[in-house]
1. Could you tell me how many of the residues in segment 89-105 are aliphatic (A, V, I, L, M) and farther than 17 Å from VAL75 by Cα?
2. Going through segment 70-90 one residue at a time, which ones are in a loop (DSSP other than H, G, I, E, B), more than 21 Å from ARG33 (Cβ to Cβ) and either open to solvent by less than 60 Å² (accessible area, probe 1.4 Å) or not charged (D, E, K, R) (or both)?
3. Between a residue in segment 69-95 that is touching a residue at least 60 places away in the same chain (Cβ under 8 Å) and any residue that is open to solvent by 50 Å² or more (accessible area, probe 1.4 Å) and assigned to a loop (DSSP other than H, G, I, E, B), which pairs come within a Cβ distance under 7 Å, given they are 6 or more apart or on different chains?
4. Which residues, counting only those in segment 112-122, are assigned to a helix (DSSP H, G or I) and either touching a Pro at 6+ places or on another chain (Cβ under 8 Å) or open to solvent by 50 Å² or more (accessible area, probe 1.4 Å) (or both)?
5. For residues that are open to solvent by less than 90 Å² (accessible area, probe 1.4 Å) and not in a strand (DSSP E or B), tally how many sit in segment 91-101.
6. Can you find a residue in segment 46-54 that is polar (S, T, N, Q) and either more than 12 Å from the chain's Cα centre (by Cα) or assigned to a loop (DSSP other than H, G, I, E, B) (or both)?
7. Name the one entry in PRO10, PRO106, PRO16, PRO44 that is at pLDDT below 90 and either out of contact with any Cys (no Cβ under 9 Å at 6 or more places or on another chain) or farther than 24 Å from VAL117 by Cα (or both).
Amino acid sequence: MVNHQTIDNPAARLSPEDLAALRENLHEQRLFRQEQLRQIAAAPRAEDLLRRRSAAQAEVHVKVAASARMVLADVEAALRRIAEGRYGSCHLCRRPVERERLMIVPQARYCARCQQVREAGR
């Protein structure tokens, strides 16, 4: 495996053990979301749910699937950043994303400050 950890790489402040644990966590999340989406796809279609269940339950079903797809995309993007040696750098300010933040949300694209700014702008 190529060692992408260099002085100018934000992931360099993460130990190799940290990076390995984060990569493993992301792989587990990917498997979970893929299985979740398989189960959702195997479930009855929204139209069938509407006939048998309330509209609210059908809406929840659709929203869970959309959320799972979104998280899966974020996880896969984080795995690409690891592979490319770009993991751990904020997409807005380019400063390192805090180690503690990555340990809690390994797919994080933004440092805590930039994430707060993004959420305040919604």
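1. Residues flagged as aliphatic (A, V, I, L, M) and farther than 17 Å from VAL75 by Cα within segment 89-105 amount to 1.
2. GLY85, GLY88, CYS90
3. GLY85/HIS4
4. Residues satisfying the conditions are ARG113, GLN116, VAL117, ARG118, GLU119, ALA120.
5. Selection size over segment 91-101: 5.
6. Yes, because at least one residue in segment 46-54 is polar (S, T, N, Q) and either more than 12 Å from the chain's Cα centre (by Cα) or assigned to a loop (DSSP other than H, G, I, E, B) (or both).
7. PRO44
Residue-wise test of (1) assigned to a helix (DSSP H, G or I); (2) open to solvent by 40 Å² or more (accessible area, probe 1.4 Å); (3) more than 19 Å from LEU26 (Cα to Cα).
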position	(1), (2), (3)
ALA56	yes, yes, yes
VAL62	yes, yes, yes
MET103	yes, yes, no
TYR110	no, no, no
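The values are calculated or read from the model by the stated rules, or taken from the named source; none is laboratory data. Predicted model, so just to flag it, every value in this text is computed and none were measured. Note: ideal-geometry Cβ built from the backbone for every residue, glycine included; neighbour counts use all protein chains shown. Only protein heavy atoms, including side chains, enter the accessible area calculation; ligands, DNA and RNA are left aside. Shrake-Rupley method; radii C 1.70, N 1.55, O 1.52, S 1.80 Å.
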